[in-house]
Amino acid sequence: MKIIETNDLTYEYPDGTKALEKVNFNAEEGKIVALLGPNGAGKSTLFLHFNGILRPTHGSVHVDGETVSYDKKELLKIRQKVGIVFQNPDDQLFAPTVLEDVAFGPMNMGLSNEEVDERVKDALLRVGMEGYEKKAPHHLSGGQKKRVAIAGILAMKPKIMVLDEPTSGLDPRGASQILKLLYQLNSEGMTIVISTHDVDLVPIYASKVYIISQGKIIKEGNPQDVFEDV
Ligand code: ADP
Ligand code: ADP
């Protein structure tokens, strides 16, 4: 089943910038899908459509069998299904402490305090940030911030996790820790969509790759096929 699907998705920013043109992208449930392309190609813009933050200028977006409709109630539902981890963790971390940051999502879902506590503990453990609960996010290193941002999404238990350049700015060790976590989550059934401009990383983990350039998908397929003539 295609858990995320876009049909001829075209997006133009209010200032007239054409960021996406007739993009047909899909992610099969339970897989890891990678979106590869240079800076400015449209990767973030595409991802922001997956949970309704952006609304297509033309075309449509489908998540978990439903057409994204953009009314308030539907948007809440879709944002629990699709967790987006932004490229820059500073765009995501805003609470005074790590604990409050990770708790924010599950609290908004109206869960009981016990359930929130348990999810926060669980999520911090998964990303290896247990013991940092009382620290201020802005005092953490880049890699630690990224892991806390991921924990905040994990705590909402989304079906699909979308990560914009999850390894950018990290040293090889930090990057491999994140990738390992993503494999682990995927092996437990989570659908993972990631963007990267690092060609070397993609063939190892993704079952499907899209290459985007100047707002258009220029190639798609399994990594072997896509990279045989690169
Ligand atoms: P990527 O994630 O691949 O680096 P983006 O999706 O951020 O690419 O950008 C795609 C295009 O849209 C670029 O030309 C970028 O300059 C433009 N863009 C991104 N955000 C905005 C915005 N808020 N307003 C106008 N243009 C934007
Ligand atoms: P370790 O460093 O502990 O030996 P690895 O980094 O080799 O472990 O793998 C970590 C996890 O990632 C394992 O659960 C493994 O199943 C998974 N994994 C490794 N390579 C791939 C791959 N190409 N596709 C999917 N999962 C993978």
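Values quoted throughout were computed directly from the atomic coordinates according to the rules given, and no laboratory measurement underlies them. Everything numeric in this text was worked out from a predicted model, so none of it was measured. So basically every Cβ, Gly included, is an ideal-geometry build from the backbone, and we count neighbours across all protein chains shown.
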Report, in whole Å, the centroid distance computed from the Cα atoms of region 38-68 and region 73-145.
23 Å
So, relative contact order of the chain in percent, Cα under 8 Å, 6 or more apart, is 28 percent
What size of dipole, in debye to the nearest 20, comes out for region 43-118 about its Cα centre when the only charges are +1 on Lys and Arg C-beta atoms and -1 on Asp and Glu C-beta atoms?
560 debye
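Enter the per residue convex hull volume of region 89-140, computed from alpha-carbon coordinates, in Å³ rounded to the nearest integer. Write out the running numbers ahead of the final one.
Numbers: hull volume 3.9 nm³, N = 52.
Spelled out: Cα convex hull of region 89-140, divided by residues, is 76 Å³.
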Can you pull out the trypsin sites (Lys or Arg not before Pro) in region 127-230 whose DSSP state is coil and whose Cβ has at most 14 other Cβ atoms within 10 Å?
134
In nm, to one decimal, how far is the modelled label at residue 2 from the one at residue 39, with both set 7 Å along Cα→Cβ?
3.2 nm
Within region 43-104, report the chymotrypsin sites (Phe, Trp or Tyr not before Pro) that DSSP leaves as loop and that have at most 11 other Cβ atoms within 10 Å.
94
On average, how much area does the Cα convex hull of region 99-230 cover when viewed from any direction, in nm²?
9.3 nm²
In whole angstrom, the spacing between the Cα centers of region 211-230 and region 177-204 equals 17 Å
For region 31-138, Kirkwood radius (reciprocal of mean inverse C-alpha pair distance, Å)
16.0 Å
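Whole-Å semi-axes of the chain's equivalent ellipsoid, largest first, each the root of 5 times a Cα gyration tensor eigenvalue?
Semi-axes, largest first: 28, 21, 16 Å.
Test of understanding: what is the full-extension gain from residue 53 to residue 225, defined as 0.36 nm times their sequence separation minus their Cα-Cα distance?
Working it through step by step, the gained length comes to 58.7 nm.
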